[in-house]
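Novice: Once you've had a glance at the structure underneath, I'll fire off some questions.
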Amino acid sequence: MLKREFRINFRSFCIWLFILVGIFALVYLMYPSITNSENSEMLNEVLKAFPEDLLVAFNMDITDISDSFGWLKSEGYIFILLITGAYAAIMGANIALKEESDMTIEYLYSLPISRNKILTNKIICGLTYVILLVFCIGVFNLICLFLSGTFDIKVFLLLSIAPIFTSIVTFLLCLFLSTFTHKTKNMLGISLGIVFISYFLQIVSNIAEQFEFLKYLSIFTLADTRNIILNGTINSIIIIISVIISLVLLICTYINYNRKELI
């Protein structure tokens, strides 16, 4: 059954990966011409006109975007978090519900396989593809940065690892929520809404000090981006919180999935 899950979800994984790699490949090919000596001065002048709060929101106040690595730490990293988060959300929302929407869940339940085993296979498949997407884009960025010039390898590795925390939590949260419904179309908007609302809350918390508390409601806080860029470390508390949230969601998902009525 596990091989079946990997086979069913392989195509969508490849599509997401190729789109993400394609976009980043275009940036790496075009960025040197954008940031040549003449354009670099113009770019710096444009950035000076930006409000400080806006620069903070995109990490441009602590990074130099005159090279590819600087772009990756600012706009590029936000793009990675959003895309991997969206993929994890859709995967979590669909991987268990798809059987119900396709009316094949009755066949699975008729086999001598427990609900726990069915769910475990789906979770293993989903988490594998989510982590693999983060890993593949990390390897691709590493190769491109080696070709582009010098960069801080430690900061890069930490930035490449951090999206795993946000993606796993997003996947498990959407998987848990999917146990309350029977239709994938009901979950698609909710899953993507979670990602983009979390991103919005993160941006607002960075821009306005009075709304700093909103970062505790955003999944993207678990990426610990600014701390990695500034200090070259991942806060151990962030890791612990990510693990605790994941375990709680995992337990709740198993409980609710076993209680769920088949229609």
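Any read-out appearing in this document is the output of simple, stated calculations on the displayed coordinates, not a laboratory observation. If you're wondering where the values come from, they're calculated on a predicted model, not measured in any experiment. Note: ideal-geometry Cβ built from the backbone for every residue, glycine included; neighbour counts use all protein chains shown.
Novice: Report the calculated FRET efficiency for Thr128 and Glu209 (r = Cβ-Cβ distance, R0 = 35 Å), to the nearest 0.05.
Specialist: After rounding, the FRET efficiency stands at 0.30.
Novice: For a footprinting-style exposure proxy, rank Cys174, Cys125, Cys144 by other Cβ within 10 Å, fewest first.
Specialist: Ordered by Cβ neighbours within 10 Å, fewest first: Cys144, Cys125, Cys174.
Novice: Continuing with the same structure: Distance in nm between label sites at Phe140 and His182, each 7 Å beyond Cα in the beta-carbon direction?
Specialist: Rounded to a tenth, the inter-label distance reads 3.9 nm.
Novice: Quick one: plug the Kirkwood hydrodynamic radius of the chain (C-alpha pairs) into Stokes-Einstein at 37 °C, 0.692 mPa s, and report D in µm²/s.
Specialist: Estimated via Stokes-Einstein, D reaches 166 µm²/s.
Novice: If a/c stays under 1.5 just call it rounded; otherwise compare a/b with b/c (prolate if a/b is bigger, oblate if not). Do that for the stretch 205-251, with a ≥ b ≥ c from the square roots of the Cα gyration tensor eigenvalues.
Specialist: Since a/c reaches 1.5 but b/c is at least a/b, the shape of the stretch 205-251 is classed as oblate.
Novice: Give a residue-ordered list of calculated ³J(HN,Hα) values for the stretch 198-205 (Karplus: 6.51 cos²θ - 1.76 cosθ + 1.60, θ = phi - 60°; whole Hz; x for Gly, Pro).
Specialist: Taking θ as phi minus 60°, the curve returns 4, 5, 4, 4, 5, 5, 4, 5 Hz for the stretch 198-205.
Novice: List, in order, the whole-Hz ³J(HN,Hα) value for each residue of the stretch 230-236 obtained from phi through the Karplus relation with A = 6.51, B = -1.76, C = 1.60 and θ = phi - 60°; use x for Gly and Pro.
Specialist: Karplus values, whole Hz, x for Gly and Pro: 7, 10, x, 9, 9, 4, 4.
Novice: How would you rank Glu209, Glu5, going from fewest to most other Cβ atoms within 10 Å of each one's own Cβ?
Specialist: The fewest-first ordering by Cβ neighbours comes to Glu209, Glu5.
Novice: Here's a follow-up. Chymotrypsin sites (Phe, Trp or Tyr not before Pro) within the stretch 149-229: which are DSSP loop residues with at most 16 other Cβ atoms inside 10 Å?
Specialist: For chymotrypsin sites (Phe, Trp or Tyr not before Pro) across the stretch 149-229 that sit outside H, G, I, E and B with at most 16 neighbouring Cβ atoms in 10 Å, the list reads Phe180.
Novice: Determine ³J(HN,Hα), in whole Hz, for all residues of the stretch 169-177 in sequence, where each value follows from phi through the Karplus function 6.51 cos²θ - 1.76 cosθ + 1.60 and θ = phi - 60°; x replaces Gly and Pro.
Specialist: 4, 4, 4, 5, 5, 5, 5, 4, 5
Novice: Next up: Normalised by the residues of the chain, what does the relative contact order come to in percent, with Cα pairs under 8 Å and at least six apart?
Specialist: 25
Novice: How much of the calculated P(r) for the stretch 175-263 lies past 16 Å, in percent of all Cα pairs?
Specialist: 66
Novice: Sort Met30, Met60 by Cβ crowding within 10 Å, fewest neighbours at the top.
Specialist: Met30, Met60
Novice: PRE reach from Asn116 (point 7 Å along Cα→Cβ): which of the stretch 234-254 fall under 15 Å by backbone N?
Specialist: Correct set: 250-254.
Novice: Hey, another quick one. Find the all-direction average of the projected area of the Cα convex hull for the stretch 127-197, expressing the result in square nanometres with one decimal place.
Specialist: 5.8
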